[in-house]
1. Residue 47 versus (1) in a loop (DSSP other than H, G, I, E, B); (2) under 27 Å from residue 16 (Cα atoms): which is the lone unmet condition?
2. Please work out which residue is farthest from residue 225 (Cα to Cα), limiting yourself to region 94-121 and to residues that are of a type outside the set (A, V, I, L, M, F, W, C) and in a loop (DSSP other than H, G, I, E, B).
3. Of these, 44, 28, which one is open to solvent by less than 50 Å² (accessible area, probe 1.4 Å), over 15 Å from residue 148 (Cα atoms) and not polar (S, T, N, Q)?
4. Scan region 282-300 for residues that are touching an Asp or Glu at 6+ places or on another chain (Cβ under 9 Å) and open to solvent by 10 Å² or more (accessible area, probe 1.4 Å) and jot them down.
5. Name the residues in region 307-361 that are aliphatic (A, V, I, L, M), out of contact with any strand residue (DSSP E or B) (no Cβ under 7 Å at 6 or more places or on another chain), assigned to a loop (DSSP other than H, G, I, E, B) and open to solvent by less than 40 Å² (accessible area, probe 1.4 Å), would you?
6. Among the residues of region 403-423 satisfying the criterion of being under 18 Å from residue 350 (Cα atoms) and in contact (Cβ under 8 Å) with a residue 24 or more places away in the chain, which is most open to solvent (accessible area, probe 1.4 Å)?
7. Which of the following residues is at negative phi, open to solvent by 60 Å² or more (accessible area, probe 1.4 Å) and out of contact with any Pro (no Cβ under 9 Å at 6 or more places or on another chain): 263, 303?
8. Across region 63-93, which residue is nearest to the chain's Cα centre (by Cα) among those that are assigned to a loop (DSSP other than H, G, I, E, B) and loosely packed, with under 15 Cβ neighbours inside 10 Å?
Amino acid sequence: MIKPVLMSRLARALGLVLSGEDAAFTGIAIDSRAVEPGDLFVAIPGQRSDGHDYLSAAADRGAVAALIERDCAVDNVCALRVPNTVRALGTLGQLLRDDYEGVLVGVTGSAGKTTAKNLLAAILGEAGSTLATEGNLNNEIGVPLTLARLSSDTEFAVVEMGAAKPDDIRYLCEIARPTVSVLLNVGSAHLAGYPDLEALADTKAQILDGLDVDDLAVINADQDWSAGWSARAASARCVSFGLTKNATYRASNIESHGFEGVSFDLTVREHTRRIASHVPGMPGVYNVLAAIAVATELGLSDSAIDRGIAKVAPAAGRGRVHRTPCGATIVDDTYNANPEAVRAAIDSLAQCSGKKTLVLGDMLELGAGSAALHRQVVEHAAARKIDCLIAVGELASEAAAVFPGRKAVFARTADLMAADHVFGADDVVLVKGSRGIALERAVAEWIGSREDIAC
């Protein structure tokens, strides 16, 4: 629940005049089913449904105010008509950010945002009340909703920022105004929304543009754009993380434990200590480095940082490990996929003992080079001696032709689920693909009602 906000204040911020009786709201909802008494209901037109059609339902659940794009008045609801409810929600996010005086950490990158956010939330939570983005609410709707959860007790806020198209990060930073900006990486994710990788890198780097002398930038020193990023963040204090000797926070002597995690030596300003994390692979190393950099620069102790890291394991759909009663290991990495992340996951799979199976779904939104990127991933699996490939979707199935080992191809996840596989006690099965392929359905069935599944 937020401090009450008057609709007249929001109207002034939007350059509008509120007609009728004013109202104060204490929460925000975009789904009528989630409305609580005292909420502002934001009616968002969507491809599948239109929030305006549910204004009466929102009122029945206790909404006292609404943002609307067309006239649809409801008794006892203070409605403000705006040109665009999503943009108006962004303005509201700015108002709520104005009332917050604590540390706000913005996190962006092509991969690893959610894991880095979870690490930061756990670590900063050792030092004070911490708010973090819930789920994947990292866009122009999700960021204002996250800011709506700020309270006077919040000392640290960790806000994840995604970028589906050029200038998305600039807009989100205008809303959230981070005092700490974390730039994890730039890769092939969402390339379909950009003319090229340089345009994607520019959008991600927009998180550095609004910082001032009292703020902090944390950047990946191992990226091709790192020098430009440092220059772009010159107005703020800037530190870096990575494997290069020039990184402020540097990892070395890295030891991978498959999907169980990773350990490495951390060197910071000539001080070295050992770090252990449950987050696997090189992505885990980079995410932990970034989180440590933020926490250390904010003054947290090594012991508090270690306690926070120890609390974090892969989230559902992001590398979570399941073991079936028959002994097979299923690694659920189905939330999303891009070539860099898939190759890193394959590297972790290659370090496991037993028979290694990769279930690869189509990687979506990769643009014109999509077919080649799929082939490269499959070639990487072959080079890392993966025993079996199960390809799901048109792109993955076409790329499977270059895999020399045992393989099977399926047009859809439903076809995969209908097939008769039997996984043995020593099998390790990595399941990874874009969200649109819905491989999580296969995982749920394999670890639930169909435990005896193998290539």
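1. (2)
2. In this case the residue turns out to be 99.
3. Numbers: 28 fails: over 15 Å from residue 148 (Cα atoms).
44 is the lone residue from the list that is open to solvent by less than 50 Å² (accessible area, probe 1.4 Å), over 15 Å from residue 148 (Cα atoms) and not polar (S, T, N, Q).
4. Answer for region 282-300, where residues must be touching an Asp or Glu at 6+ places or on another chain (Cβ under 9 Å) and open to solvent by 10 Å² or more (accessible area, probe 1.4 Å): 282, 283, 286, 296, 300.
5. 312, 315
6. Initial filter on region 403-423 (under 18 Å from residue 350 (Cα atoms)): 403-407, 423.
When the remaining residues are screened for being in contact (Cβ under 8 Å) with a residue 24 or more places away in the chain, the result is 403, 406, 423.
Values: 403: 6, 406: 140, 423: 9 Å².
For region 403-423, the residue satisfying everything is 406.
7. Values: 263 fails: open to solvent by 60 Å² or more (accessible area, probe 1.4 Å).
From the options 263, 303, the qualifying one is 303.
8. Of region 63-93, the ones assigned to a loop (DSSP other than H, G, I, E, B) are 63-64, 69-77, 82-84.
Subsequent filtering for residues that are loosely packed, with under 15 Cβ neighbours inside 10 Å retains 70-71, 73, 75-76, 83-84.
Values: 70: 33, 71: 36, 73: 37, 75: 39, 76: 38, 83: 29, 84: 26 Å.
Looking at residues that are assigned to a loop (DSSP other than H, G, I, E, B) and loosely packed, with under 15 Cβ neighbours inside 10 Å, I get 84.
The values are calculated or read from the model by the stated rules, or taken from the named source; none is laboratory data. Nothing here was measured: the structure is a model prediction, and the numbers come from that model. All Cβ positions, glycine included, derive from the backbone under ideal geometry; neighbour counts span all protein chains shown. Accessible surface is based on the protein model in full, side chains and every heavy atom, while ligands, DNA and RNA are left aside. Shrake-Rupley method; radii C 1.70, N 1.55, O 1.52, S 1.80 Å.
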